[in-house]
Amino acid sequence: MMPVPPSRIVSDPPDALDTPEIPDALDAPESLADRLFEAGTQALAAGDAALAERAYRETLAQQEAFPEAHSNLAGLLLARGADLEALAHYDRALALGFDHAAVHYNRGNLLKGSGRLDEAIAAYRQALVRDSSYPVIHNNLGNALLRRNEPGDWEDAAAAYLAAVALAPEYDDAHGNLAALLDGVARNQGLAAVRPWVEQWCTAFPQHPMASYIGRLLRGETPPDRAPPAYVRLLFDQFAVGFDSTLESLGYRGPELLAQALRDLPVAPGREMVLDAGCGTGLCGPALRPRAYNLTGIDLSPAMLEIARRREIYDELIEAELEAFLRRCPGGYDLIAAADVLCYFGDLGTILPVLGQALRPGGHALFTLEAMNEDDGEAPFRLAPHGRYAHRPAAVEAACAAAGLTLQRFEPVVLRQESGQPVNGLLGVGQRR
């Protein structure tokens, strides 16, 4: 499973909010524009977007001052990516008095997408004045505030995310956005800056995977020995879409590093049984496939596995927790690759022996880890507020030896860039004795 950049914002929901139905005017004669509008609404209900769009355009040709037609047409244009025209029709609907929360919200999304953040924030706030019961409006207001990043915006964004989850306690995207925000502020300004927000979040949602794990770290509590599986699953489900492009923008080198290490390893006769442990979206699959008789990928995140499946590289993809899966297949693999997976385990003394036992004698394990800095103290590992562990090289060597793995290669590497700075890591190749 690949690393998640610390400054992450869950994508805004793609669907526009529906505008409310407008009751028929009592005792008013039905005009041609009214009939065309009704035809468009019926076509929309039947799923025929092209016919609905044509009917709404004809409605406006008959009666330009028809705000409901402007709003409905804008929604169709928004759905097919005609953003500038959609924005013009939302503006016209508002000018004609169609002053609804959904119109302001959808308009805010369009403005934010074009980088007009001040106007987008104003539109979201206008939407909340009309109706504050939509969690998605609070969430997207928070995203726009973070993107603008002016003094006071992060506090307002935190309040917006908390309002979203107060309305919808299982709104995972808003929890994830809040976690990312508080982590980023804590690293820049210290834990004291975010403590009131963390306390409010953790007190209200003690069972949510994001609050119970990231909140615990931001409180400065004793860290667990590994990231909870529920947290890891949620984290990577959230960021599956667009994940590969995000890693590319960070200069992520995990697949490249494993491919380099593979070139130095002999291939077993008849090729090998290979496991891509924490395969994510399958970025390491192309490097592993040529030497595999059978290539299996496992991951906790069904959303990541769905993207890996589209690559059509793996013989089998399995949704499973790594340690539990490895315990079920002793001696099952010639090669196990784990690119940026062990960074979600602190105490390697549990996972490495299980990984070693899943190899056949003479089999190889390839892995990358984040490396501790020299000034991080003497502990074997350190957990950062963003939820990933960094490890001391000497501790990794000791854990490999105890697990029956002989390190044939173990060296410092750069894994990726974050905030323009290299993220130092470790590349290891261990052979089961």
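The values are calculated or read from the model by the stated rules, or taken from the named source; none is laboratory data. Everything quoted here is computed from the prediction, not taken from an experiment. Don't worry about glycine lacking a Cβ; one is built from the backbone with ideal geometry, like all the others, and counts go over all protein chains shown. Each accessible area value is taken on the protein alone, full model and side chains, heavy atoms only, with ligands, DNA and RNA left out. Shrake-Rupley method; radii C 1.70, N 1.55, O 1.52, S 1.80 Å.
Sorted into 10 angstrom bins from 0, the C-alpha pair distances of the range 349-432 split as 17, 48, 27, 7, 0 percent. Coupling constants for the range 40-48 follow from the phi torsions by the Karplus curve (6.51 cos²θ - 1.76 cosθ + 1.60, θ = phi - 60°), and in residue order they are x, 5, 5, 5, 5, 5, 7, x, 9 Hz; glycine and proline get x. When the alpha carbon coordinates of the range 391-433 are projected onto the principal axes, the ranges are 40, 15, 10 Å, largest first. For the range 199-289, the ratio of Cα radius of gyration to the globular rule of thumb 2.2 N^0.38 Å stands at 1.49. Ranking Val354, Val414, Val267 by solvent-accessible area of protein heavy atoms (1.4 Å probe, all protein chains present), from largest to smallest, gives Val267, Val414, Val354.
Using alpha carbons only, the radius of gyration of the chain set against its Kirkwood radius gives Rg/Rh = 1.08.
Shown here is the pair-distance distribution of the range 32-117: with all Cα-Cα distances grouped in 5 Å bins from zero up to the longest one, the shares run 3, 17, 27, 24, 19, 7, 3, 1 percent. Helix 83-95 axis versus longest C-alpha principal axis of the chain: approximately 40°, rounded to the nearest ten. Extending 7 Å from Cα along the Cβ direction at Thr350 and again at Ile318 yields two label points whose distance is 2.0 nm. Between 0 and 90 degrees, the angle of helix 172-189 with respect to the longest Cα principal axis of the chain falls at about 70 degrees.
Along its first, second and third principal axes, ordered by size, the range 305-387 spans 44, 32, 19 Å in Cα coordinates. At full extension, Glu150 and Glu221 could sit 22.5 nm farther apart than now, given 0.36 nm per residue minus the alpha carbon distance.
In the context of the full set of protein chains, the chain has a per residue accessible area of 43 Å² (1.4 Å probe). With K and R counted +1 and D and E -1, the other residues having a Cβ less than 12 Å from that of Ala268 yield a net charge of +1.
Quick one: angle between helix 101-113 and the longest Cα principal axis of the chain, in degrees between 0 and 90, rounded to 10, please. Between helix and principal axis, roughly 50 degrees. Here the chain is treated with +1 on each Lys and Arg Cβ and -1 on each Asp and Glu Cβ, and its dipole about the Cα centre works out to around 1780 debye. Shown in residue order for the range 372-382 are the 3J(HN,Hα) couplings computed by the Karplus curve 6.51 cos²θ - 1.76 cosθ + 1.60 at θ = phi - 60°: 6, 7, 5, 9, 8, x, 9, 5, x, 8, 9 Hz (x for Gly and Pro). Both numbers refer to the Cα atoms of the range 229-387; Rg and Dmax are 15.4, 47 Å. Peptides 417-427, 86-96, 327-337 ordered by packing proxy, namely the average of other Cβ atoms within 10 Å per residue, highest first: 86-96, 327-337, 417-427. Once the Cβ-Cβ distance of Gln207 and Leu32 is raised to the sixth power relative to R0 = 51 Å, the FRET efficiency obtained is 0.35.
Taking the 1.4 Å solvent-accessible surface of the chain as the whole, the part contributed by carbon and sulfur is 51%. With the simple spin-label model, which puts each label point 7 Å out from Cα in the Cβ direction, the Arg263 to Arg130 separation comes to 5.9 nm. Contact order, relative form, for the chain: 11 percent (alpha carbon pairs under 8 Å, 6 or more residues apart, mean separation divided by residue count).
Full extension of the chain between Gln357 and Ser249 gives 35.3 nm of extra length, using 0.36 nm per residue less the Cα-Cα distance.
Simple spin-label estimate for Asn373 and Leu96 gives 5.9 nm between the two label positions (7 Å along the Cα-to-Cβ direction from each Cα).
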